[in-house]
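Just so it is clear, none of the values below were taken in a lab; they were calculated from the coordinates. These numbers were taken from a predicted model, which means no experiment stands behind them. Positions of Cβ are backbone-derived with ideal geometry, glycine not excepted, and every protein chain shown enters the neighbour counts.
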Amino acid sequence: MTYIAKPKLHHPNLGCNAIGFTRRDYEGKISTLCAGCGHDSISAAIIHACWELSIEPHRIAKLSGIGCSSKTPDYFLGQSHGFNTVHGRMPSVLTGASLANRDLVYLGVSGDGDSASIGIGQFVHAIRRGVNMVYIVENNGVYGLTKGQFSATADQGSMSKKGVANTDAPIDLVGLAMQLGASFVARGFSGDKQQLVPLIKAAIAHQGAAFLDVISPCVAFNNHAGSTKSYEYVREHNDAVNQLDYIAPRAEISIDYAPGEVVEVEQHDGSVLRLRKLDAAYDPGDRIAAMNYVHAHQARGEVVTGLLYVDKDPHDLHQHLNTVATPFNALSAKELCPGKATLDKINSALR
Ligand SMILES: Cc1ncc(C[n+]2csc(CCOP(=O)(O)OP(=O)(O)O)c2C)c(N)n1
Ligand code: SF4
Ligand SMILES: [Mg+2]
């Protein structure tokens with residue numbers, strides 16, 4: 001990998017957020033991805049969302065696997081914690097980190113190859129366990145880094161750059177995440193920042209497993225006619241079910257819509273998800289109906305985007321395991337090691 005640091009100088013009048021940071025404080029190194037790669041737009045949306053949420057950068061931990069998508073955490077949040085794991089192994093490392101320190105915001109960044117092929121076992125278990133995280137798949141339907149082989153999310157019949165049709169059935173990560181019990185499921189498009197930024201903000205505020213599938217065209221290997229993951233195809237077949245406004249806790253709600261036009265979901269931290277319905281029949285609170293809707297539209301070649309499912313009362317792994325609230329690094333040696341007598345008692349209970 002090549003690393004190019006960004007110059008530190010910036011315009012003195014650059015706006016600050018509530019904790020005094022500029023957008024530049026949330027940036028990383030200069031990207032080495034191909035010009036026009038969808039992944040860079042997702043990095044920009046993450047920077048925007050974290051800056052607007054005024055999260056202190058040291059409170060975020062970004063983890064990834066291997067791929068062009070998994071390289072991107074180097075290009076945003078340069079002052080945050082980072083861990084670039086082995087291919088497909090981000091979810092287990094993230095789960096361990098989250099169990100050791102629940103005070104951080106966990107941002108898992110992966111690719112369709114990283115999560116739907118080599119890492120699919122890890123993906124499904126992190127989701128079904130309800131790890132409190134934002135899990136983003138930057139989905140381009142190919143293994144970009146290894147030069148454009150079809151990935152497991154490539155649609156059947158989608159054409160490769162060389163004109164060969166994909167014959168395998170695709171894995172739909174959104175449908176899978178809903179079936180596995182993710183409490184927040186959304187799909188965005190790297191070419192629609194207006195839709196993507198509030199989805200990322202809402203996913204960060206969500207206390208549970210939040211999964212975000214972002215269609216992110218690979219301009220080098222999968223942006224031609226006949227591909228269902230190209231900019232042109234997604235723009236033409238994008239079926240957005242709602243438009244989300246994320247309203248931070250205690251922020252004033254300034255815009256009013258006519259009754260029935262919006263659905264409001266209050267999250268545990270007091271933030272409000274305000275959903276302007278673009279499809280009047282769509283209910284993001286109904287998991288089964290959402291799965292049916294997404295699959296029926298997918299069969300027609302449409303790409304359903306927006307906040308697809310949200311559980312108003314999510315439970316996460318910490319609640320399931322009744323873990324201690326204090327991060328391990330703040331516990332004393334006595335608390336971490338309760339002594340021989342306690343250990344003997346545990347061991348004898350297992351005999
Ligand atoms: C264990 C292992 N197997 C295979 C590879 C080769 N490899 C590197 S990246 C990659 C696929 C990346 O695809 P994706 O996750 O979709 O990321 P993209 O580059 O498309 O963003 C593969 C197969 C590897 N690095 N490690
Ligand atoms: S090969 Fe594709 S995925 Fe990788 S940086 Fe280039 S455009 Fe992006
Ligand atoms: Mg890919």
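Ordering of 60-72, 215-227 by packing is 60-72, 215-227, highest average first (other Cβ atoms within 10 Å, averaged per residue). Sorted ascending by nearby beta carbons within 10 Å, beginning with the fewest, Arg250, Arg235, Arg23, Arg351 become Arg351, Arg250, Arg235, Arg23. With point charges of +1 on the Cβ of Lys and Arg and -1 on the Cβ of Asp and Glu, referenced to the Cα centre of the chain, which listed residue (Asn166, Leu307, Ser151) lies farthest in the positive direction of the dipole? Toward the positive end, the furthest listed residue is Ser151. Our estimate of slack between Lys312 and Asp279, defined as 0.36 nm per intervening residue step minus the Cα-Cα distance, is 9.8 nm. Of the residues Phe189, Phe21, Phe184, the one with the fewest other Cβ atoms within 10 Å heads the list, and the complete ranking is Phe21, Phe189, Phe184. Projecting the Cα atoms of Ala35, Ile4, Ala18 onto the charge dipole of the range 1-75 (Cβ charges, centred on the Cα centre) puts Ile4 farthest toward the positive pole. Pairs of Cα atoms nearer than 8 Å and 6+ residues apart set the relative contact order; for the range 23-321 it is 17 percent. Stretching Ala5 away from Thr22 to a fully extended chain increases their span by 4.4 nm, per 0.36 nm per residue minus the current alpha-carbon distance. The residues Ser92, Ser31, when put in order of fewest to most other Cβ atoms within 10 Å, stand as Ser92, Ser31.
Taking every Cα-Cα distance in the chain and sorting them into 20 Å bins from zero, the calculated P(r) comes out as 30, 57, 13, 1 percent. The translational diffusion coefficient of the range 24-161, from Stokes-Einstein at 10 °C and 1.306 mPa s with a Kirkwood hydrodynamic radius over alpha carbon pairs, comes to 104 µm²/s.
Between Leu99 and Lys334, the contour length at 0.36 nm per residue exceeds the alpha carbon distance by 82.7 nm. Between Ala349 and Val324, the simple spin-label model (points 7 angstrom out along Cα→Cβ) gives 1.6 nm.
As a check on your grasp of the helix formula, calculate [θ] at 222 nm for the chain: sum -39500 (n - 2.57) over DSSP H runs of n ≥ 4, divide by the residue count, round to the nearest 500. Don't jump to the answer; show the numbers that get you there.
On the way: 11 runs with 101 residues, N = 351.
That calculation yields -8000 deg cm²/dmol at 222 nm.
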